[in-house]
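The values are calculated or read from the model by the stated rules, or taken from the named source; none is laboratory data. These figures come from a predicted structure and were not determined experimentally. We place every Cβ from the backbone using ideal geometry, glycine too, and count neighbours over all the protein chains shown.
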Amino acid sequence: MSLFPTVAAFDAALASLPAADAPCRAAAGARQAQLTKPAGSLGRLEEIAIFMAGWQRRARPRVDRGRAVIFAGNHGVTRYGVSAFPPEVTAQMVANFARGGAAINALAGAAGLDLRVVPIALDQPTADFTVEPAMNEAECLIALNIGAEAVEPGLDLLLLGEMGIGNTTAAAALCQRSFGGNATDWVGAGTGVGGHGLEVKREVVELAIACHAHAPATPFETLRRVGGREIVAIAGAMLAARLHHVPVVLDGFICGAALAPLAAAMPSITDHILAGHLSAEAAHGRLLERLCLSPLLDLDMRLGEGSGGAVAAAVIRSALAAHDQMATFVDAGVSAG
Ligand SMILES: Cc1cc2ncn([C@H]3O[C@H](COP(=O)(O)O)[C@@H](O)[C@H]3O)c2cc1C
Ligand SMILES: O=C(O)c1cccnc1
């Protein structure tokens, strides 16, 4: 039985989001106050430990079962030349992931995350969303459920990532439909388009917004009309993770854009989510502000695949190591301030 058999089931899940466990958060906060350091001196590492405690419902959270899931999909709008690379690269990179040769293989390994790659109908690019919805309702529901199925209850941490040539264009359209503004606010270089290519990309996004302007502004319709299969799967995985109390770390602009339609309708959807990093993609900072998320890292990365989130997962591990392994003032016989 799929988690989201109907659009109504998806809407209902978004409307009744579980909260973090308050006693576990309080216990983790109390422990942080007793560890041998000046209060607050581990900065965001302390917040991360408390965040993880609340979602894992454990005063001493851990990352024994950490998973990275990379969804891949193809995009009809690549016909306009919106990417610096051809659409074949999506499937070629999926093969590279399988051989272990991509950045995410190395970085997920370094962060101790189990890596799963989920290609979705790569031989069926989404429709050209400047003239019609990218997906029909059934296709969009299938992608949502593929995302949801990648999330097992009991995971300690879920990293979400994507591969899909052309998907920064879909991401920009999702942001604009969710948060307003114009294409200049949301369109960036992606894989490295500039000059005339960038103008074309902006025009494609403006055409998409105009084409769907009269459609209902619901999360499902926005995902279906201007999203892509891998992006919709990320949205489904984020919502499933929330239902299973699995904390999520996000990668860059595209992952954040998958969250945008959900957050525009239900801002508290971001409560179980950490933004792994600030991508060098121009609009990512603006998007994170709208999502009320503050990135853990800023390393000038703009790759995707989950790469920035994987580096952040290593930071999350550090936060939990300090939380779990440090002595308290009493145990160590250190005078408290
Ligand atoms: C070799 C290669 C590996 C990648 N890994 C992630 N992306 C990134 O680039 C794409 C988005 O940029 P655009 O919208 O400009 O196509 C996505 O696949 C994203 O994950 C890659 C792109 C390339 C070329
Ligand atoms: O921020 C990202 O995730 C990103 C930026 C450019 C290209 N691909 C991905």
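Annotations
- Any pair with Cβ under 7 angstrom, 6 or more apart, that starts in region 228-247 at a residue that is over 13 Å from residue 271 (Cα atoms) and ends at one that is among the hydroxyl-bearing types (Ser, Thr, Tyr) and buried (at least 24 other Cβ atoms within 10 Å of the Cβ): 228/126; 229/126
- Flag for residue 225 being basic (Lys, Arg), without any contact (Cβ under 8 Å) to a residue 40 or more places away in the chain and not in a loop (DSSP other than H, G, I, E, B): no
- Where helices (runs of 4 or more DSSP H) sit wholly within region 131-215, those with at least 1 residues that are over 18 Å from the mean Cα position of the chain (by Cα) and of a type outside the set (Lys, Arg) occupy 137-149, 183-186, 195-211.
- Any hit, region 269-281, residues being farther than 25 Å from residue 18 by Cβ, in contact (Cβ under 8 Å) with a residue 12 or more places away in the chain and part of a strand (DSSP E or B): yes
- Leading residue by the ranking (surrounded by the fewest Cβ atoms within 10 Å (Cβ to Cβ)) among those in region 140-170 that are of a type in the set (D, E, K, R) and more than 16 Å from ligand 1 (Cβ to nearest atom): 152
- Helices (runs of 4 or more DSSP H) wholly inside region 1-104 that include at least 2 residues being of a type in the set (Ser, Thr, Tyr) and modelled with pLDDT under 95: none
- Region 184-199, residues that are away from ligand 1 (no atom under 12 Å from the Cβ) and of a type in the set (Val, Ile, Thr): 184
- Filtering region 239-268 to residues that are within 15 Å of ligand 2 (Cβ to nearest atom) and assigned to a helix (DSSP H, G or I) leaves 253, 254, 255, 256, 257, 258, 259, 260.
- Odd one out for residue 280 among (1) in contact with a strand residue (DSSP E or B) (Cβ under 6 Å, 6 or more places away or on another chain); (2) farther than 19 Å from residue 222 by Cβ; (3) crowded, with 18+ Cβ neighbours inside 10 Å: (1)
- Among the residues making up region 316-326, those that are farther than 24 Å from residue 268 by Cβ and in contact with a Leu (Cβ under 7 Å, 6 or more places away or on another chain) are 318, 322, 326.
- Of the criteria (1) part of a helix (DSSP H, G or I); (2) more than 19 Å from residue 72 (Cβ to Cβ), which one residue 294 fails: (1)
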